[in-house]
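The values are calculated or read from the model by the stated rules, or taken from the named source; none is laboratory data. Not measured: the values here are computed from a predicted model. No Cβ is skipped: glycine too gets one built from the backbone with ideal geometry, and neighbour counts run over all protein chains shown.
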Amino acid sequence: MANKNLSNAKNSKNDEFYTQYHYIEKEVNAYIEYNPDVFRGKTILLPCDDPEWSNFTKYFAQNFDRFGLKRLISTSYAPESKMYKGGYQPTLFETLDPQYDKKKTNIKGKIFTLDHDITGDGRVNFNDLEWNYLKGDGDFRSEEVVKLRNEADIIITNPPFSLFREFFMWIVEADNDFLVIGHMNAIKYRNVFPLIKENKVWVGATNFNTGMYFRVPDDFIYTESYKFKREQNGVKVNRVPGVCWFSSIDHGRRHQPIPLMTFDDNIKYSKHKEIKKYNYLKYDNYDAIEVPFTDAIPSDYTGVMGVPISFLNKYSPEQFEILGVSTGDFAKSLGITTNYRGRTDVQFTKDGVPKCPYERIFIKAK
Ligand SMILES: C[S@@+](CC[C@H](N)C(=O)[O-])C[C@H]1O[C@@H](n2cnc3c(N)ncnc32)[C@H](O)[C@@H]1O
């Protein structure tokens, strides 16, 4: 049994990582601040969200009236279909319900809907959620969930990380607005980057440099190298670095220009010793300058600049245009051919010596 739990926890990878309430609150606030009516009259679908665990369902149900939602739909994945099988126990909420079906409960997904006051307290909130079994296991790719997707206005969730690429295409296919959590590596995916470049998708308002702590099941096993907090807000957590929000909903941070110094002032006053020492190096095989830090972008440079991926945390489409990324097809389309992986730029060791480079996004001032 102990062994089984161990392999379950390992196999689950990070699919059973649950988003903490305060992350959702902070990110969604940014959209509400920018446009208080952003969710008014809208149907939101949360397609990987069992209210038992999901703070997305809790958050949007609790804010149903304030946001003026038309309908909230949350669907969950059947326990039997999950990679991680441990610990599923139907709650009293479920077993005491007349529709509870012992045979169905492990193999069927569920649908939870909220659109009117049931309890009679004059408010629409979590207590008014109604549920039913789905026909299938609640896979977001199933016909019935696809139908819900097509009928919704906005898709919001933290999807299974192992299926992120597929999930992302699933949203984009439907042309709905969305707000989802994913790994920042996805920025470079062939299907994602063009949308970022064309300002159809952007990263969320919360800075993604710090990593996020997700709630994990009680039998989750940490890797030996894990050095971060194991508990937060009374729950067991695991830190995932490089995670960010992807969105097609507008927020204010995108429209604030990055405060920058001129080229000459950077060379004189930059806090980065690399800039002072090397100024701005040019790439060997691409006509652009290397800018190893977002805050060192020279405000008056009119040519192409290679900046770190984390630039997207501060990117404003009114200030800069994105031309490409130093990897894959985009590198090729920019004429960067000498190195397919696009390792064209220069990075520095702690002593300031140029070393093996990271990936870059190529930008130009507007
Ligand atoms: C990263 S967790 C996040 C859960 C929740 N959205 C949250 O943020 O707390 C992803 C969830 O999707 C479920 N899942 C895995 N494969 C799925 C699929 N094909 N369709 C729907 N849900 C799936 C997992 O079991 C897991 O509960």
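Hey, can you tell me all the residues within the range 66-83 that are in contact with a Pro (Cβ under 9 Å, 6 or more places away or on another chain) and part of a strand (DSSP E or B)?
The answer is ILE73, SER74, THR75, SER76.
Select from the range 53-74 the residues that are within 7 Å of the ligand (Cβ to nearest atom) and buried (at least 21 other Cβ atoms within 10 Å of the Cβ) and write down the one among them that is farthest from LEU179 (Cα to Cα).
To start, the set of residues in the range 53-74 that are within 7 Å of the ligand (Cβ to nearest atom) comprises 53-56.
Next, from what is left, pick out any that are buried (at least 21 other Cβ atoms within 10 Å of the Cβ): 54, 56.
Values: SER54: 15, PHE56: 11 Å.
Only one residue tops the list, namely SER54.
What residue, among those in the range 252-299 that are touching a residue at least 40 places away in the same chain (Cβ under 8 Å) and acidic (Asp, Glu), is surrounded by the most Cβ atoms within 10 Å (Cβ to Cβ)?
GLU290
Out of all the residues in the range 73-118, which are closer than 26 Å to ILE44 by Cα and hydrophobic (A, V, I, L, M, F, W, C)?
Answer for the range 73-118, where residues must be closer than 26 Å to ILE44 by Cα and hydrophobic (A, V, I, L, M, F, W, C): ILE73, ALA78, PHE93, ILE107, ILE111, PHE112, LEU114, ILE118.
Which of (1) surrounded by 19 or more Cβ atoms within 10 Å (Cβ to Cβ); (2) more than 15 Å from the ligand (Cβ to nearest atom); (3) part of a loop (DSSP other than H, G, I, E, B) is the odd one out, the single condition THR223 does not satisfy?
Of everything listed in (1) surrounded by 19 or more Cβ atoms within 10 Å (Cβ to Cβ); (2) more than 15 Å from the ligand (Cβ to nearest atom); (3) part of a loop (DSSP other than H, G, I, E, B), THR223 misses just condition (1).
Among the numbered criteria (1) surrounded by fewer than 17 Cβ atoms within 10 Å (Cβ to Cβ); (2) part of a loop (DSSP other than H, G, I, E, B), which single criterion is violated by GLU144?
GLU144 satisfies all of (1) surrounded by fewer than 17 Cβ atoms within 10 Å (Cβ to Cβ); (2) part of a loop (DSSP other than H, G, I, E, B) except (2).
Taking the criterion of being within 24 Å of the chain's Cα centre (by Cα) and modelled with pLDDT of 95 or more, would at least one residue in the range 284-297 satisfy it?
So far as the range 284-297 goes, yes, one or more of its residues are within 24 Å of the chain's Cα centre (by Cα) and modelled with pLDDT of 95 or more.
Please count how many residues of the range 19-42 are under 20 Å from SER76 (Cα atoms) and either at pLDDT below 90 or surrounded by fewer than 19 Cβ atoms within 10 Å (Cβ to Cβ) (or both).
Going through the range 19-42 one residue at a time, the tally reaches 2.
Quickly run through the range 34-50 and pick out the residues that are more than 10 Å from the ligand (Cβ to nearest atom) and either over 14 Å from SER247 (Cβ atoms) or hydroxyl-bearing (Ser, Thr, Tyr) (or both).
Listed by number, the residues that qualify are TYR34, PRO36, ASP37, ARG40, GLY41, LYS42, THR43, LEU45.
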